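K.L.:
I'd like to ask some things about the structure below.
What follows draws every value from the coordinates through simple rules; no lab data is involved. From a predicted model like this one, the values you see are computed outputs, not experimental measurements. With ideal geometry, Cβ positions are generated from the backbone for all residues, glycine too; neighbour counts draw on all protein chains shown.
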Amino acid sequence: MKIEAAMLAGTHWANYALHRRGVTSDSEDIVHNSMLAVSMLRKYSLAEGELLGALTEIEELRPLYVRGDLPDGSRAAARALELLGLISALARRAP
C-alpha cells in the first residue's frame with residue numbers, strides 16, 4: 001500500500017514540478033514514466049532528472065512488491081517513502 005501511495009503522490013509532485021517550470025502545459029500530465037514516449041521522457045528528464053529518477057525507482061518497485069511477492073516488502077515500502085520525500089523536496093524548490 002505504501003509503495004502504491006508513494007507512486008501516486010510522487011506522480012502528482014512530478015506533474016506539479018513540470019507544470020511549475022513550464023515544461024508541460026496544464027493539460028499535459030504524466031501517469032507512469034514507463035508509458036512515456038522516449039522523446040517526452042528525455043525532455044522531462046532534462047528539466048527534472050533527479051526527480052524523475054526517484055519516481056522511476058518507485059515505479060520499478062511496484063511489479064516486484066505490489067503485484068509480486070518478493071520478501072522484504074517493508075524495506076521496499078520504506079525506500080518508496082524515502083524517495084517520495086526527495087521528490088516532494090525537489091518539486092517544491094524554486095524554479
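K.L.:
Counting alpha carbon pairs within less than 8 Å and at least 6 residues apart, what relative contact order, in whole percent, applies to the chain?
P.N.:
Relative contact order comes out at 45 percent.
K.L.:
Go through (1) 2, 9, 9, 8, 9, 8, 8, 8, 8, 7, 5, 4, 3, 3, 3, 3, 3, 1, 1, 0; (2) 2, 13, 23, 25, 18, 11, 6, 2, 0; (3) 2, 15, 26, 24, 16, 10, 5, 2, 0 and flag the label whose value is the computed P(r) over Cα pairs in 5 Å bins from 0, in percent for this structure.
P.N.:
Computed from these coordinates, P(r) over Cα pairs in 5 Å bins from 0, in percent corresponds to label (3).
K.L.:
What nm distance separates the two modelled labels at ALA89 and HIS32, each placed 7 Å from Cα along Cα→Cβ?
P.N.:
2.9 nm
K.L.:
So, one more: Just to verify a number: FRET efficiency for HIS12 and ASP72, C-beta to C-beta distance, R0 = 22 Å, to 0.05?
P.N.:
0.25
K.L.:
What distance in nm lies between label points placed 7 Å from Cα along the C-beta direction at SER39 and MET1?
P.N.:
4.3 nm
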